[in-house]
Amino acid sequence: MVKIGIVGIGKVGATLAFATLMAGLVEEMVLVDTDVRRVEGEALDLLHGTSFTRHTRIRVGNYGDLNNSKIVVITAGVGQKPGESRLDLMERNVRVIKNIVIEIAKYAPNSILLMVTNPVDVLTYVAWKVSGFPFNRVMGSGTVLDTARFRVLIARHCRVSPKSVHAYIIGEHGDSELAVWSKAVIGGVPIKDMCNTCSRKDCSNNALENIFEKTRKAAYEIIERKGATQYAVALAVVDIMKAIIEDEKRVLTVSTLIDTGSKEIFLSLPAVVGSSGVEKVLKLKLSGDEEEALKESMKVISENIEKAERVLKA
């Protein structure tokens, strides 16, 4: 029997519970939140939907009820406000996540921790440090969603299915993330070769840069219009959970432990995800400009991890 826990049943957590139910991935879901009465309502609403899905036990619980969970997903924390960067959230959410992870490690010591709360790279590092779990069992949703957004926008521009686009966003899940154009392909054809033979007047390097900018700013645009992102991120997290539960050995850009030589940090690179968590990180051969951009992204994350460590010690 596959059991998961979701800690934090706000917009993202509740949408994730619904998406998980629709995917038919698990037999049991435990929902944990401080607002018990509201979450009881969410659980009851979800329960009524099980007539149309795989039978799933859905219950509101506490940290003790997370025992024997295969995965515990953390979506709890302070939400991002319009105009606020993910890193602006850091200090407030470090304290929240520290207390949550202590409880998870106590009651679900063999689980895989999947961090969704922003800033996800910094908080995944915090979860790893506080939990004491091996690095392969602690990961963040990272740039899985950014990569999906990127592929959709490329597909729309090139008039193909997103499933035929293979391209990655790596680095920070945030403003310093980068697009790996040098490895982007459509049906095995490098994206820039496609552009060279394209008859569209708007197909140029500027068009490609606009696609990346739309990807990078997507969350800000959604938050500005509706206050929060929830649907696509929930589907991205379900995709990660499916890779773990079904041992798919999928290559996903989750946030995982990277040793920069001077410091251990978490950031997104293509990684093989299976039943034991992160099984292998793939090394991309990047262009010179991409290497420099990745180093800058590492620097941004490293500086903010240092700030998070000061908060942890305070």
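Contact map, region 256-268: first residue buried (at least 24 other Cβ atoms within 10 Å of the Cβ), second residue of a type in the set (Ser, Thr, Tyr) and assigned to a strand (DSSP E or B), Cβ cut-off under 7 Å, separation 6 or more or different chains; pairs are PHE266/SER255; PHE266/THR256; LEU267/SER255; SER268/SER255. Being touching a Phe, Trp or Tyr at 6+ places or on another chain (Cβ under 6 Å), without any contact (Cβ under 8 Å) to a residue 40 or more places away in the chain and not basic (Lys, Arg) is a property that does not hold for ALA155.
Scanning region 29-41 for residues that are acidic (Asp, Glu) and more than 23 Å from the chain's Cα centre (by Cα) turns up ASP35, GLU40.
Filtered by the rule that a residue be of a type in the set (Val, Ile, Thr) and either in contact with a Cys (Cβ under 9 Å, 6 or more places away or on another chain) or closer than 20 Å to LYS242 by Cα (or both), region 17-59 gives THR20, VAL26, VAL30, THR50, THR53, THR56, ILE58.
Pairing residues of region 158-169 that are within 14 Å of LEU208 (Cα to Cα) with residues that are in a loop (DSSP other than H, G, I, E, B), at Cβ distances under 7 Å and at least 6 apart in sequence or on separate chains, gives ALA167/VAL180; ALA167/ALA184; TYR168/VAL180; TYR168/THR253; TYR168/PRO270; ILE169/THR143; ILE169/GLU177; ILE169/THR253. Residues of region 186-204 include none that is within 27 Å of ASN136 (Cβ to Cβ) and either assigned to a helix (DSSP H, G or I) or not aliphatic (A, V, I, L, M) (or both). Among the residues making up region 185-200, those that are out of contact with any strand residue (DSSP E or B) (no Cβ under 7 Å at 6 or more places or on another chain) and surrounded by 15 or more Cβ atoms within 10 Å (Cβ to Cβ) are CYS195, CYS198. Across region 287-314, the qualifying residues are those that are of a type in the set (Asp, Glu) and more than 30 Å from ASN99 (Cα to Cα), and the one among them that is surrounded by the most Cβ atoms within 10 Å (Cβ to Cβ) is GLU290. Would you pick out the residues in region 166-181 that are among the hydroxyl-bearing types (Ser, Thr, Tyr) and either more than 15 Å from ILE301 (Cα to Cα) or assigned to a strand (DSSP E or B) (or both)? Hit for region 166-181 is TYR168, nothing else.
Of the helices (runs of 4 or more DSSP H) that lie entirely inside region 1-107, those containing 2 or more residues that are surrounded by fewer than 18 Cβ atoms within 10 Å (Cβ to Cβ) and not hydrophobic (A, V, I, L, M, F, W, C) span 36-48, 90-107. Number of residues in region 285-301 that are among the acidic types (Asp, Glu) and more than 13 Å from GLU177 (Cβ to Cβ): the value is 3.
So for region 158-173 (the condition being at positive phi, surrounded by 23 or more Cβ atoms within 10 Å (Cβ to Cβ) and touching a Ser or Thr at 6+ places or on another chain (Cβ under 6 Å)), does at least one residue qualify? Checking region 158-173: at least one residue is at positive phi, surrounded by 23 or more Cβ atoms within 10 Å (Cβ to Cβ) and touching a Ser or Thr at 6+ places or on another chain (Cβ under 6 Å). With respect to the conditions (1) in contact with a helix residue (DSSP H, G or I) (Cβ under 6 Å, 6 or more places away or on another chain); (2) without any contact (Cβ under 8 Å) to a residue 12 or more places away in the chain, ALA184 falls short on a single one, namely (2).
Checked against the criterion of being surrounded by 18 or more Cβ atoms within 10 Å (Cβ to Cβ), out of contact with any Phe, Trp or Tyr (no Cβ under 8 Å at 6 or more places or on another chain), β-branched (Val, Ile, Thr) and modelled with pLDDT of 95 or more, the candidates VAL251, VAL238 yield just one match: VAL238. Picking from residues in region 114-131 that are surrounded by fewer than 24 Cβ atoms within 10 Å (Cβ to Cβ) and in contact (Cβ under 8 Å) with a residue 40 or more places away in the chain, the one that is nearest to ILE244 (Cα to Cα) is TRP128.
The values are calculated or read from the model by the stated rules, or taken from the named source; none is laboratory data. Remember, it's a predicted structure, so these values are computed and weren't measured experimentally. Neighbour counts are summed over all protein chains in view; Cβ atoms, including those assigned to glycine, are modelled from backbone coordinates with ideal geometry.
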